[in-house]
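Please treat every number below as a calculation from the coordinates, not as lab data. Keep in mind it's a predicted model, so treat the numbers as computed, not measured. All Cβ positions, glycine included, derive from the backbone under ideal geometry; neighbour counts span all protein chains shown.
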Amino acid sequence: KASGELPARLIGFDGIPVQQDPAFDRVIVAEGYTARAFFSWGDPVERGAPAWKADASDGWQAQSLQAGENHDGMHYFPFADDPDRHGLLVINHEYVNPTLHPQGMSKVGGRRPLAEVRKEQAAHGVSVIEVSKDAQGQWQRIYPSHYNRRISALTPMRISGPLAGHASMKTAADPSGREVLGTLNNCSRGFTPWGTYLACEENWHNYFVNRDREDYAQRVSHKRYGISNGSASKTYSWESADPRFDATPDATQPHGGYVNEPHRFGWVVEIDPFDPNSKPVKRTAFGRFCRECATPSVAADGRMAFYSGDDTRGEYVYKFVPAGRYDAANPAANRDLLDSGTLYVARLAADGSGEWKALVHGNEGLVAENGFASQSEVLLNARAAADLLGATPMDRPEWAAVHPQSLDVFVTLTNNDQRGDKFAVDAANPRPQNLHGQILRINEAGNHPAATTFRWELFLLAGEADGSKDADGRPVPAHLTGNIKGDLFSSPDGLAFDKDGRLWIETDYDDAEPVMQTMGCNQLLCADPATREVRRFLVGPRGCEITGLTWSPDSRAMWINIQHPGISYPASDGVTRPRSTTVLITRDDGGVIGAV
Ligand code: FEO
Ligand code: CA
Ligand code: CA
Ligand code: CA
């Protein structure tokens with residue numbers, strides 16, 4: 001094929017069947033391909049890391065040198081001199097499971113033991129690992145390596161952009177409002193054309209509590225994000241051992257104690273994987289919400305957009321458009337491009353038109369009398385600002401993917417069991433009690449990422465085949481049927497295009513739910529964006545979600561993540577505790593993954 005053109009037939013493998021066995025505990029992939037476990041929770045990352053202990057008795061110091069838990073988004077960064085054989089793999093560790101500890105998570109006298117909390121914090125964050133092809137052409141992890149690095153919920157980070165040093169960012173421990181410890185709940189991913197990784201902070205609100213009823217009721221920056229107003233944070237109760245996570249205002253402490261600590265999460269964290277001594281930077285110009293991803297789109301003129309979903313029922317799709325342009329010839333000029341620009345939120349009309357509404361102070365009600373004293377408040381309370389701009393509430397926006405030629409943007413809307421109830425059915429979110437989700441396609445005006453208007457359509461509705469029957473022979477209700485051409489799936493989550501324009505779809509549903517029995521275990525599928533044909537490429541072990549997706553530049557190696565496997569993967573012996581694992585996929589003839 002001529003360079004720049006897409007192949008006529010995109011998908012070259014035969015789809016594989018679903019796995020409905022409740023004890024299924026392996027990864028299977030299409031014929032002609034091999035999948036092998038590559039990097040699991042507890043594997044050594046930094047120098048001096050002990051080997052993983054099967055009884056989970058490693059302490060927090062060991063964990064801080066080893067792979068974290070719940071691998072999610074990931075990206076491969078090539079070395080310029082040998083890009084298809086040598087790179088850095090950067091992998092998120094979204095959260096932790098009770099299996100992190102020998103006997104699960106405990107409380108003593110109503111408090112979490114500090115040693116457990118520290119291990120949980122150390123198992124969050126990001127891993128950077130050096131990888132290369134050996135003399136036999138097999139990909140290996142390099143250990144030890146100067147590049148290998150663990151970033152956790154305890155790693156110092158610089159706060160940058162409009163909120164740096166702002167009063168709402170100051171805490172008892174950081175009166176400067178410019179340095180925060182760690183990143184939390186890093187889900188999907190982002191990356192930049194200048195070779196940095198963007199870790200996105202998704203469900204950070206679950207880690208905090210504000211017990212003050214009166215304060216909470218008027219504090220939009222807590223309430224609108226769902227921070228707990230009960231006796232404890234929604235997950236882990238870290239605040240019982242680490243006061244930084246207790247966001248109840250405390251007038252006896254400088255800056256109210258830690259009431260502002262939740263303001264220091266919900267951002268994009270830029271990490272330079274090639275400099276292991278670099279300090280990660282929280283870029284506040286991106287705005288604060290429960291951000292799943294920050295997927296780049298770069299136009300020929302160097303203008304850019306980073307697309308994000310805010311994955312909560314009825315939340316919004318955003319994009320951040322930097323003010324400057326990407327300049328490949330001048331890397332130093334790109335260093336702080338992410339500190340200034342415009343955050344937009346999507347409003348979708350029923351006729352297939354759409355508008356990007358700018359979250360800019362002074363614009364359409366974003367003024368002091370509505371609680372937005374300056375641009376800092378707009379970014380800090382991006383959800384509330386988007387409410388005022390009439391953004392369209394979506395069915396849990398997760399990953400965005402940008403087509404390599406058209407720059408069309410595809411967004412997974414994973415599911416929303418409150419659609420038709422708390423949120424009215426509309427053209428883009430058309431099914432009540434939407435358990436299976438859909439994929440949205442956005443065509444920017446002029447195919448330009450900085451456009452302020454677009455056209456949209458639904459690329460597909462996931463779910464059961466039209467006219468199908470359930471296990472008891474009853475017709476499947478209309479709201480559970482979709483329009484997939486090919487292999488069925490539910491709850492699209494991970495989404496990415498490869499270099500040839502194949503659209504890869506990863507799923508995240510509860511495979512134990514009776515309504516998901518047709519779908520079997522979670523899956524990786526491949527779609528042709530032109531014909532909309534979908535084929536199932538890989539099925540994961542029972543209990544997992546499939547997430548994370550990246551390639552070597554030649555697309556002859558693909559890595560995905562098996563997150564929270566339920567039985568004993570990757571040992572698959574029925575006994576060993578399960579470990580989230582990065583899986584390497586290669587083609588037995590050495591060809592391009594997915595191609596003819
Ligand atoms: Fe962590 Fe929205 O998935
Ligand atoms: Ca996940
Ligand atoms: Ca996700
Ligand atoms: Ca999900």
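Would you pull out the residues with amide H under 5 Å of residue 112's amide H, same chain only if 5 or more places away, H placed 1.01 Å from N?
Residues meeting the amide H criterion: 240, 241.
Taking each pair of different alpha-carbon atoms in the chain once, compute 1/r for the pair, average those values, and report the inverse of that mean as the Kirkwood hydrodynamic radius in Å to one decimal.
For the chain, inverting the mean 1/r across all distinct Cα pairs yields 24.2 Å.
Report the per residue volume, in Å³, of the convex hull enclosing the C-alpha atoms of the range 117-275.
It is 135 Å³ per residue.
Ranked by Cβ crowding within 10 angstrom, fewest neighbours first, how are 236, 316 ordered? Write down the numbers at each step before the final one.
Values: 236 20, 316 23.
Ranked by crowding around the Cβ, least crowded first: 236, 316.
Estimate the FRET efficiency between residue 301 and residue 103 by the formula 1/(1 + (r/R0)^6), using the beta-carbon distance for r and 41 Å for R0, to the nearest 0.05. Intermediate results must be reported in sequence, preceding the final value.
Details: r = 58 Å, r/R0 = 1.41.
Approximately 0.10, to the nearest 0.05.
Under 5 Å between amide hydrogens, which residues at least 5 positions from residue 459 or on another chain qualify, with H placed 1.01 Å from N in the peptide plane?
It is 439, 440, 441, by chain and number.
Counting each pair of different Cα atoms once, what's the Kirkwood radius of the range 203-265 in Å, rounded to one decimal?
Working: mean 1/r = 0.0890 Å⁻¹.
Answer for the range 203-265: a Kirkwood hydrodynamic radius of 11.2 Å.
Can you compute the radius of gyration and Dmax for the range 1-126, using only the Cα atoms, both in Å?
Reported Rg and Dmax, both Å: 19.9, 69.
How high is the FRET efficiency between residue 333 and residue 176 when r is their beta carbon distance and R₀ equals 30 Å, given to the nearest 0.05?
On the way: r = 27 Å, r/R0 = 0.90.
Plugging the Cβ-Cβ distance into 1/(1 + (r/R0)^6) gives 0.65.
Stretched out fully, how many nm does the piece from residue 589 to residue 168 gain, at 0.36 nm a residue minus the Cα gap? Each step should come with its number before you reach the end.
On the way: separation 421, 0.36 × 421 = 151.56 nm, distance 5.63 nm.
Between residue 589 and residue 168, full extension yields an extra 145.9 nm.
Alpha carbon centre of the range 18-77 versus the range 321-376: separation in Å?
The range 18-77 and the range 321-376 have Cα centres separated by 37 Å.
Would you grab the residues whose amide H sits under 5 Å from the one on residue 177? Only those 5+ places off in sequence or on another chain, please, with H modelled 1.01 Å from N.
For residue 177, the qualifying residues are 171.
According to a simple spin-label model (label point 7 Å from Cα along Cα-to-Cβ), what is the distance in nm between residue 478 and residue 340?
Distance between label points: 5.3 nm.
What residues of the range 182-224 lie in the reach of a label at residue 158, counting those whose backbone N is under 20 Å from a point 7 Å from the Cα along Cα→Cβ?
182-184, 191-201
Could you work out the relative contact order of the chain, using alpha carbon pairs under 8 angstrom and six or more residues apart, expressed as a whole percent?
15 percent
How large is ³J(HN,Hα) for each residue in the range 160-168, as worked out from phi by the Karplus curve 6.51 cos²θ - 1.76 cosθ + 1.60 (θ = phi - 60°), to whole Hz, x for Gly and Pro?
Karplus values, whole Hz, x for Gly and Pro: 10, x, x, 8, 4, x, 5, 3, 6.
Give me the dipole magnitude in Debye, nearest 20, for the range 357-474 about the Cα centre, with unit charges on the beta carbon: positive for Lys and Arg, negative for Asp and Glu.
Value, rounded to 20: 80 debye.
Given labels modelled 7 Å from the Cα in the Cβ direction, how far is it in nm from residue 140 to residue 323?
A separation of 4.9 nm, rounded to one decimal place.
Starting with the fewest neighbours, write out 271, 546 ranked by other beta-carbon atoms found within 10 Å of each beta-carbon.
On the way: 271 24, 546 28.
Final ranking by Cβ density, sparse to dense: 271, 546.
Return the sequence-ordered ³J(HN,Hα) values of the range 74-83 in whole Hz as given by the Karplus equation 6.51 cos²θ - 1.76 cosθ + 1.60 applied to θ = phi - 60°, using x for Gly and Pro.
7, 8, 9, 10, x, 7, 4, 7, 7, x
Can you run phi through the Karplus equation (6.51, -1.76, 1.60; θ = phi - 60°) for the range 288-299 and list ³J(HN,Hα) in whole Hz, with x for Gly and Pro?
Working through the residues one at a time gives 10, 7, 8, 7, 7, 8, 9, 8, x, 9, 10, 7 Hz.
How do 46, 292 line up, fewest other C-beta atoms within 10 Å first? All intermediate terms of the calculation are to be shown ahead of the outcome.
Working: 46 18, 292 33.
Listed from fewest to most nearby Cβ atoms, that is 46, 292.
Taking Cα pairs under 8 Å and at least six residues apart, what relative contact order does the range 203-265 come out at, in percent?
Values: 107 pairs, mean separation 22.0, N = 63.
Contact order relative to length: 35 percent.
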